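Please find one structure pasted underneath; my questions will follow.
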């Protein structure tokens with residue numbers, strides 16, 4: 001085989017490889033997005049549950065220490081719930097900011113590509 005034939009075959013092979021990669025890319029991105037969303041959902045659930053458990057533990061500890069009715073248990077469980085919800089909302093705001101920044105960045109890159117910059 002001559003050198004031009006080899007380079008032509010190599011170019012064809014590279015084109016086939018790039019076509020296969022392009023076909024697989026959207027599927028992989030969707031799987032990554034799904035994993036990311038599930039990860040974020042579990043993070044929020046855990047933040048809420050941990051807040052409840054910490055409040056429950058503190059309230060139970062105070063009640064047993066002071067020998068009171070389960071007033072501290074109820075009070076601190078509610079405070080733990082409030083803290084968990086507050087943490088969850090803060091996380092949601094952070095995630096939203098990150099996604100909006102990524103969308104703005106992608107939009108700016110698309111505009112640059114359309115303008116030929």
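The values are calculated or read from the model by the stated rules, or taken from the named source; none is laboratory data. A quick note: this is a predicted structure, and the numbers were derived from the prediction, not measured. Ideal geometry is used to build each Cβ from the backbone, glycine not excepted, and the neighbour counts take in all protein chains shown.
Can you confirm whether residue 47 is modelled with pLDDT under 95 and surrounded by fewer than 12 Cβ atoms within 10 Å (Cβ to Cβ)?
no
For the range 71-117, give me each residue that is more than 24 Å from residue 37 (Cα to Cα) and at pLDDT 90 or above.
71, 72, 73, 74, 75, 76, 77, 78, 79, 80 - these are the residues of the range 71-117 that are more than 24 Å from residue 37 (Cα to Cα) and at pLDDT 90 or above.
So if I check each of 27, 6, which one is loosely packed, with under 10 Cβ neighbours inside 10 Å and either modelled with pLDDT of 95 or more or farther than 22 Å from residue 92 by Cα (or both)? Before you say what the answer is, go through the steps one by one.
Numbers: 6 fails: loosely packed, with under 10 Cβ neighbours inside 10 Å.
Every option except 27 fails the conditions.
Next up: Looking at the structure I just gave you, is residue 59 in contact with a helix residue (DSSP H, G or I) (Cβ under 8 Å, 6 or more places away or on another chain) and either over 30 Å from residue 99 (Cβ atoms) or at pLDDT 80 or above (or both)?
Considered against the rule, which asks whether it is in contact with a helix residue (DSSP H, G or I) (Cβ under 8 Å, 6 or more places away or on another chain) and either over 30 Å from residue 99 (Cβ atoms) or at pLDDT 80 or above (or both), residue 59 comes out as yes.
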